[in-house]
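Q: Encoded as structure tokens, here's the structure I'll be asking about.
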Amino acid sequence: MKEEFQARMLRIHFGEADKWQGKPLHEAIFAKCQELGIAGVTIYRGIEGYGTSTRIHYASRWTLSKDAPMMVSIVDTEEQIRTLIPHLDAMVHEGLMATSPVEVIRYSRDPSATP
């Protein structure tokens, strides 16, 4: 089954070493999204990047560094994204959030179809 609709995408960029209440920030954001019933969340671990601090974040198997760039990508309705942002304001101490309108095409199994 195919559905098409308008939604909002939120991307949050930060470092892998960032924490929220003693737990990795990406795990805390993921848990909050689940709690709020957010439609879709994907977490990416990058190879190299930098942000406003210009401190380079990188992932390397040759060093002991555990501060790779991270990005959490979230897609849901504008209302759900607006509900999430105040929680993120408290959780993200250094990073970048960007939102944009998106056109969603969602494919799902037809519930009447036999598997």
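Q: Would you please name the residue that is most open to solvent (accessible area, probe 1.4 Å), looking only at residues in segment 5-22 that are farther than 19 Å from I81 by Cβ and among the charged types (D, E, K, R)?
A: So, considering only residues that are farther than 19 Å from I81 by Cβ and among the charged types (D, E, K, R), the one most open to solvent (accessible area, probe 1.4 Å) is K19.
Q: Got a sec? Which strands (runs of 3 or more DSSP E) wholly within segment 36-90 have at least 1 residues that are under 26 Å from Y107 (Cβ atoms) and modelled with pLDDT of 95 or more?
A: Strands (runs of 3 or more DSSP E) meeting the threshold: 40-45, 69-76.
The values are calculated or read from the model by the stated rules, or taken from the named source; none is laboratory data. Source: prediction; values computed, not measured. Positions of Cβ are backbone-derived with ideal geometry, glycine not excepted, and every protein chain shown enters the neighbour counts. Areas reflect the complete protein model, heavy atoms only, side chains present, ligands, DNA and RNA absent. Shrake-Rupley method; radii C 1.70, N 1.55, O 1.52, S 1.80 Å.
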